[in-house]
Amino acid sequence: MHRPALAARLSLAVLSWLAVSGCGQEPDVVIYCALDQVDSEPILREFERRTGLKVLAEFDVEAHKTVGLVRRIREESSRTRCDVFWNNEIAHTVSLAADGFLASYDSPNAASIPEGFRDPERRWTAFAARARIFIVNTLLVNPTQIHGMWDLVSSTRTGPVGMARPLTGTTLTHITALFGVLGEERTLEYLQKVKDTEVNLTSGNATLMRLVRDGQLAWGWTDTDDYNRAKKQGYPVEAVFPDSAEGELGTLLIPNTVAILKDAPHPDAARQLVDYILSLEVERRLASFDGAQIPLHAELADEEHQLPLEKMRPMKVDYAAIGAAIDARFIQLKKMFLE
C-alpha cells in the first residue's frame, strides 16, 4: 500500500474513533473492530442511538488486517483498554482465548447459532461469515474455466492472477486452514507454486478486488464481501466458489467473531454491546449490506441472500485447530514471503 493511502486510512480510523466516542467524552465501552468500517460503523452508531452509551471504536487498516489489533490486545494485557473485540475472522480470536485473554460470556442472542460456531467455554461466538472465493473479471476470463484452488497456479491459466500476501487477515486464516485439511506437503507445494508461477501478491483482499475489477488482474482470491461490493457497483465480475463439487475440498467459510476481554474495564456495557452485535437484526443487516455477510443464525438460514450460496460446498475445518496453529504458521509464512 502506498504511504499516502495508508495515511489516509489511518486518519479516517482516528477521526471515526473521535466521532463515535464524542468529543472529549469518556467512553462507556471500547471496541477494537477488524471488520471493514463501512460495514461495522453503522451497527455501532445504531447501538449508541438506542442505548445512549458512548462507543469508542478503533478500526483496523487493510495492510495490517486483524493482526494489528490482536497485537495491541496482547501488548495491553497489563492494563486492558479494550472491552470488546469484533474480529473479521476466527483464528486469532481462538488464539486469544487459548492464551487467556478472553472472558466467558454466554449471550442469550447466540442461542440459535450452531454449536460449531461457538466456543465451548463461551469465550467467543461466531456470526456473519464470508466465503473465500475467486473474483473473476469476465471481460478477461470465462469464469466457467476456473474450478478449484490449483487452477490459480496452473501453467495453463488465463491472464495475470493474484492473492493477498498470506500474512494477515482472512488470507492467513485460509492458508492455515489448508495446512490442516491438505497437510503440510500439499500446502507447501501450493505455496511454492504461488511463488514459482508469479502470482501477484497484494497488500490485502480489497486491493486484489480492485485490481481485478479494473482489469489489471484477470482473477484471484478474495472474500465474498469484497467481491459483492464490486458486483453491486456494476463492474464486470463474477464469483467462483472453488472446489465445490461432490467429493472436492469445498469453499472455506470464515465467520466474524465477537468476544469480551477478560479484564474489560466496562464489563456491563460490553455485554450489552455483544448482545446487540449477535442479534438477528444485526446479522440480517450485515447480510443486506454490500458486504453480503452470510448469516449463521438458524432463523435466517432460509431467507434470501445476495450471494448464490447454492453454488457453495463448505470446507470441513477445525476452527480451534486453526486458532492454535496460526501464530506458528505466520512465522513460517513470513519466512517464505518476506525474508
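Bear in mind that the values in this text are calculations on the coordinates, not laboratory data. As the structure is a computational prediction, the values presented were derived from the model and not from experiment. Positions of Cβ are backbone-derived with ideal geometry, glycine not excepted, and every protein chain shown enters the neighbour counts.
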Inset, instruction - Could you check which residue among I260, I146, I133 shows the biggest mean-square fluctuation in a GNM of the chain with a 10 Å Cα cutoff? - result: I146
Legend entry - Coil-residue GluC sites (Glu not before Pro) of region 165-243, DSSP, other Cβ within 10 Å capped at 16: E198
Inset, instruction - Sort region 230-339 into rounded, prolate or oblate with this rule: let a ≥ b ≥ c be the square roots of the eigenvalues of the Cα gyration tensor; rounded if a/c is under 1.5, and if a/c is not under 1.5, prolate when a/b is larger than b/c, oblate otherwise. - result: oblate
Legend entry - Diffusion coefficient, µm² s⁻¹, Stokes-Einstein with Kirkwood Rh over alpha-carbon pairs of region 24-100 at 37 °C and 0.692 mPa s: 249
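Normalised by the residues of region 226-339, what does the relative contact order come to in percent, with Cα pairs under 8 Å and at least six apart?
Once divided by the residue count of region 226-339, the mean separation gives 29 percent.
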Legend entry - Computed over the chain: relative contact order in percent, which uses C-alpha pairs under 8 Å that are six or more apart: 26
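Using the crude model of +1 on Lys and Arg Cβ and -1 on Asp and Glu Cβ, and no other charge, please compute the dipole size for region 109-208 relative to its Cα centre, in debye to 20.
Dipole magnitude for region 109-208 comes out near 260 debye.
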Inset, instruction - Would you check the chain for Lys pairs whose C-alpha atoms are within less than 16 Å, ignoring same-chain pairs closer than 8 in sequence, and give me the count? - result: 4
Inset, instruction - Take the alpha-carbon centre of region 124-146, take the same for region 222-236, and report the distance between them in whole Å. - result: 9
Legend entry - region 95-225: relative contact order in percent, alpha carbon pairs under 8 Å with at least 6 residues between: 34
Inset, instruction - Taking the Cα centre of region 256-311 as origin, work out the dipole magnitude from +1 charges on Lys and Arg Cβ and -1 charges on Asp and Glu Cβ, in debye rounded to 20. - result: 240
Inset, instruction - Report the Stokes-Einstein translational diffusion coefficient (µm² s⁻¹, integer) for region 243-297, Rh taken as the Kirkwood radius over Cα pairs, at 37 °C with viscosity 0.692 mPa s. - result: 240
Inset, instruction - Name the residue, out of R79, R285, R165, whose mean-square fluctuation peaks in a Gaussian network model built on the chain with Cα pairs under 10 Å. - result: R79
Legend entry - Karplus (6.51, -1.76, 1.60) ³J(HN,Hα), θ = phi - 60°, over region 218-225, in Hz, Gly and Pro reported as x: 7, 6, x, 6, 7, 9, 4, 5
Legend entry - the chain: angle of helix 319-337 to the longest principal axis, Cα-based, in degrees nearest 10: 60
Inset, instruction - Specify the residue with the greatest mean-square fluctuation among P42, P166, P267, computed from a Gaussian network of the chain linking alpha-carbon atoms under 10 Å apart. - result: P42
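Return the Rg/Rh value of region 110-205, two decimal places, where both radii are evaluated on C-alpha atoms and Rh is the Kirkwood radius. Walk me through the numbers on the way to the answer.
Values: Rg = 16.3 Å, Rh = 15.6 Å.
In region 110-205, Rg relative to Rh is 1.05.
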Inset, instruction - Calculate the all-directions average of the projected area of region 81-154's alpha-carbon convex hull, and give it in nm². - result: 8.3
Legend entry - Stokes-Einstein translational diffusion, the chain - Kirkwood Rh over all Cα pairs, 1.567 mPa s, 4 °C, in µm²/s: 64
Inset, instruction - Return one number: the angle in degrees, 0 to 90 and rounded to the nearest 10, between the long axis of the Cα atoms of helix 37-51 and the longest principal axis of the Cα atoms of the chain. - result: 20
Inset, instruction - Treating each Cα of region 127-264 as an identical point scatterer and ignoring solvent, apply the Debye formula and state log10 I(q)/I(0) at q = 0.13, 0.16, 0.21 Å⁻¹. - result: -0.54, -0.80, -1.37
Inset, instruction - Report the charge-dipole magnitude of the chain in Debye, nearest 20, computed about the Cα centre from +1 at each Lys and Arg Cβ and -1 at each Asp and Glu Cβ. - result: 840
Inset, instruction - Compute the distance in nm between two label points, each set 7 Å from the Cα along the Cα-to-Cβ direction, one at Q25 and one at L300. - result: 2.7
Inset, instruction - Provide the gained length on full extension for the span W150 to S104, in nm with one decimal, where the gain is 0.36 nm per separating residue minus the Cα-Cα distance. - result: 12.5 nm
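Of all DSSP beta bridges in the chain, what percent run antiparallel (nearest 5)? Please report the intermediate quantities before stating the final value.
Working: 22 of 36 bridges.
For the chain, the DSSP antiparallel bridge percentage is about 60.
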